[in-house]
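The values are calculated or read from the model by the stated rules, or taken from the named source; none is laboratory data. Please read all numbers here as calculations on a predicted model, not as lab measurements. Positions of Cβ are generated from backbone atoms using ideal geometry, with glycine treated the same way; all protein chains shown enter the neighbour counts. These accessible areas exclude ligands, DNA and RNA; they are computed on the full protein's heavy atoms, side chains included. Shrake-Rupley method; radii C 1.70, N 1.55, O 1.52, S 1.80 Å.
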Amino acid sequence: MASLTTLCYIEKDEKYLMLHRIKKEIDVNKGKWIGVGGHFLENETPEECLLREVKEETGLELKSYKFRGLITFISDEWQTEYMCLYTADDFTGELIPCDEGELQWIPKRDIMKLNLWEGDKIFLKMLMEDADFFTLKLRYEGDKLEEWKLGE
């Protein structure tokens, strides 16, 4: 059975809010920098999951967001994941500590210098270039990206 997730890159002042995953002992993303989001709860829509996960992880309430892409992650080590990718550019609230890692506003120009998944670099570049809605397949063997393909 595949898992369903959301991931959001919140924008402010030419920066993205990034989560450095350093707090959980067992974490497929340990040491990596990612956006915020998580797994769908039963009967939840992508938007409901997005809003709940962002609020839980950051304390922020999104006021403006956009569905940017659908990413299919395939791996030899974990189950297939379908991820709804969002960006957000308006929110209210104050950042709270996150139990999954450290939240930090990173200038977009510095994002690619972070410890990112190889596949994340592909879709982050597309987000920064303001690409239209896209689908992307990423196939990993261990931590190594073996194949990637944009939808037709």
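When residues in segment 13-68 are screened for being part of a loop (DSSP other than H, G, I, E, B) and closer than 22 Å to D132 by Cα, 4 of them pass.
Go through (1) in contact with a strand residue (DSSP E or B) (Cβ under 7 Å, 6 or more places away or on another chain); (2) without any contact (Cβ under 8 Å) to a residue 60 or more places away in the chain; (3) open to solvent by less than 40 Å² (accessible area, probe 1.4 Å); (4) not β-branched (V, I, T) for G101 and report which single condition fails. Condition not satisfied by G101: (2). Being out of contact with any Asp or Glu (no Cβ under 8 Å at 6 or more places or on another chain) and surrounded by 19 or more Cβ atoms within 10 Å (Cβ to Cβ) is the filter; apply it to segment 33-45 and report the residue that is nearest to Y65 (Cα to Cα). Among them, the one singled out is G35. Just to be sure before I move on: is E94 outside any strand (DSSP E or B), over 25 Å from K30 (Cβ atoms), open to solvent by 20 Å² or more (accessible area, probe 1.4 Å) and touching a Gly at 6+ places or on another chain (Cβ under 7 Å) in the structure I sent? Against the criterion (outside any strand (DSSP E or B), over 25 Å from K30 (Cβ atoms), open to solvent by 20 Å² or more (accessible area, probe 1.4 Å) and touching a Gly at 6+ places or on another chain (Cβ under 7 Å)), E94 qualifies.
Give me a count of the residues in segment 46-67 that are of a type outside the set (D, E) and open to solvent by 10 Å² or more (accessible area, probe 1.4 Å).
Residues flagged as of a type outside the set (D, E) and open to solvent by 10 Å² or more (accessible area, probe 1.4 Å) within segment 46-67 amount to 11.
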